[in-house]
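> Sharing a structure here in structure tokens format.
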Amino acid sequence: MNSVFLSWGIAAAATAGVITRPFKWPEAVWAVAGAVLLVVLGLLPLHLAIEAIGKGTDVYLFLIGMMLLSEVGRREGLFDWVAVLAVNHARSSPRKLFVLVYLFGVVITAFLSNDATAVVLTPAVFAAAKKAKTPPLPLLFVCAFVANAASFVLPISNPANIVLYGNHTPPLGPWMLRFALPSVLSIGATFVMLRWTQRDALAGVCEANLEAVELSASGRVALAGIAVTAGALLTVSAYDIQLGLPTAILGTLTALVVLIKERKSPLPMIREISWNVLPLVAGLFVLVEMLDHTGVISTFAGALRRATEHNEMEAAAWAGTSIAALSNLINNLPSGLIASSTVMQAQSPERVIDAFLIGVDLGPNLSISGSLATILWLNAIRREGEDVGFMKFLKVGVLVMVPALVLALGARILTG
């Protein structure tokens, strides 16, 4: 029993480190340190830790592909080109620019995933704010919040969706029947509340009629790579194929085409990518394995089974809100793994599983550590000289997330 409590204590300390970032050390340091301690102290067998790291292979490949696409787009001026288009269409209004960015975010999240919104859209939005000479934070907040709010429009909209359903993701038709209304309510409520919280910062006027930027040949390659990747993800998702390898291949090919075309070394591009997100994900997978190893997940499954037998709708509401809270404590990717294992052991009905999904996807809008997409977003804005602390994000998140979660969960639970 003492070893169990020690395991939980190490996991809790690692999670606290990811959330608070003591000494401003990267989040990955704390997740990896916790995972290593569990193994070194004999609290988790080495082979189980290795198996846990292996479970994240598809996620690692997906992130590598997206980060390569983003870096190519940034280096080749794609984001500056998009920024000028957005600013000119806003016609001197920061409020119209906010709407345009939000719509871009919904589309990118739906067809490329919430991680793509964090990695690909954020640099373009920062460039747009800079060119428009308007405060960047309200527009950057859009990238963070819409990435989670629109992340259950399609199965590919969030890697956590694939993690939660495993190899049993519902086909597109049934998916839309179950999640169309919750998605509309989530996206709408998030927009209204986020726009309201940023109303003062969006007052006034911004630059307009900027001189058009010509997109270079390499920039067009980057744009084509992103478009092809979106189409490929929709296709492989329809055939229930994992997303990571196709994304990594397309991202690598796009980067290679540009590098060969311009006869450049890949080293500067490689150095600019935030690779520390990969060990962060690996560490989180190990921490979840510890929970399974110590019997926590089987306890969750038993409680869920009893609650569902008593009242399915109440169980679904409890499941969605609980996993939403847990996602902010340990990140939604491991929360998705916990939820997946729990519903499999509990043999839960669709309504309960879908409530878990909404909580895993939308709940993390409460805090900066809630989702991998938000951590990627933080990495992106830090590269541009911006930063958002835990409390600053929480003050906005509590106003934005709670109404969206209540509406989306309520719609899914009540429609059966």
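> Mind jotting down the distance between the C-alpha centroids of region 130-171 and region 319-346, whole Å?
18
> Compute the helix-to-body angle for 244-262: its Cα long axis versus the longest principal axis of the chain, expressed 0 to 90° and rounded to tens.
The helix 244-262 is inclined about 30 degrees to the chain.
> Another question about this same structure. If you place +1 on the Cβ of every Lys and Arg and -1 on the Cβ of every Asp and Glu, how big does the dipole about the Cα centre of the chain come out, in debye to the nearest 20? Before the final figure, lay out the partial values.
On the way: 27 positive and 25 negative charges, 190 e Å.
Roughly 920 debye for the chain.
> For the chain, set up a Gaussian network in which alpha carbons nearer than 10 Å are linked by springs, and say which option among PRO349, PRO268, PRO170 fluctuates the most.
Of PRO349, PRO268, PRO170, the Gaussian network model singles out PRO268 as fluctuating most.
> When the chain is treated as a GNM, springs tying every alpha-carbon pair under 10 Å, which of THR20, THR342, THR235 comes out with the largest mean-square fluctuation?
THR235
> Say we join alpha carbon atoms closer than 10 Å with springs in a Gaussian network model of the chain; which of GLY283, GLY34, GLY204 then has the biggest fluctuation?
Most flexible of the set in this elastic network: GLY204.
> How tilted is helix 332-346 with respect to the longest principal axis of the chain? Cα atoms for both, answer in degrees (0 to 90, nearest 10).
Long axis of 332-346 versus the principal axis of the chain: about 40 degrees.
> On a 0 to 90 degree scale, rounded to 10, what angle separates helix 296-310 from the longest Cα axis of the chain?
Between helix and principal axis, roughly 80 degrees.
> Ignoring everything except DSSP H segments at least 4 long, calculate the 222 nm mean residue ellipticity for the chain; use -39,500 (n - 2.57) per segment, divide by total residues, nearest 500.
On the way: 20 runs with 314 residues, N = 416.
Theoretical 222 nm ellipticity from helices: -25000 deg cm²/dmol.
> Right, here's the next one. Quick one, what does Rg over Rh come out to for region 1-149 if you take C-alpha atoms and the Kirkwood Rh? Intermediate results must be reported in sequence, preceding the final value.
Values: Rg = 20.1 Å, Rh = 17.9 Å.
My calculation puts Rg/Rh at 1.12.
> State log₁₀ I(q)/I(0) for region 274-338 at q = 0.12, 0.19, 0.28 Å⁻¹ as given by the Debye formula over alpha-carbon point scatterers of equal weight, solvent excluded.
Result of the Debye calculation: -0.37, -0.78, -1.20.
> Suppose we look only past 22 Å in the calculated P(r) of region 297-390. What percent of the Cα-Cα pairs does that tail hold?
32
> Okay, next question. Using all alpha carbons of region 259-416, what is the percent of pairwise distances in each 10 Å bin, ordered from the shortest bin to the longest?
That works out to 10, 33, 29, 16, 8, 3, 0, in percent per bin.
> Which residue, chosen from THR254, TYR165, ALA124, occupies the Cα position most advanced towards the positive end of the dipole of the chain, where the dipole is computed from +1 (Lys, Arg) and -1 (Asp, Glu) charges on Cβ about the Cα centre?
ALA124
> By count of other Cβ within 10 Å, fewest leading, how are ILE330, ILE53 ordered?
Placing the least packed residue first, the sequence is ILE53, ILE330.
> What would the Debye equation give as log₁₀ I(q)/I(0) for region 149-235 at q = 0.13, 0.19 Å⁻¹, counting only Cα atoms as equal point scatterers?
Debye output, listed in q order: -0.75, -0.97.
> Per-residue HN-Hα couplings for region 23-32, Karplus 6.51 cos²θ - 1.76 cosθ + 1.60 at θ = phi - 60°, whole Hz, x for Gly and Pro?
Once rounded to whole Hz, the list reads 6, 6, 6, x, 4, 4, 4, 6, 5, 5.
> Additional query: Would you mind estimating how fast region 354-416 diffuses translationally, via Stokes-Einstein at 25 °C and 0.890 mPa s with the Kirkwood radius over Cα pairs, in µm²/s?
Diffusion coefficient, whole number: 194 µm²/s.
> At a temperature of 37 °C and a viscosity of 0.692 mPa s, determine how fast the chain diffuses translationally according to Stokes-Einstein, using the Kirkwood radius over alpha-carbon pairs as Rh; express D in µm²/s, rounded to the nearest whole number. Working shown, then result.
Numbers: Rh = 21.6 Å.
The calculation lands on 152 µm²/s.
FYI, it's all coordinate maths here, none of it is from the lab. None of the values given here were measured: they were computed from a predicted structure. So basically every Cβ, Gly included, is an ideal-geometry build from the backbone, and we count neighbours across all protein chains shown.
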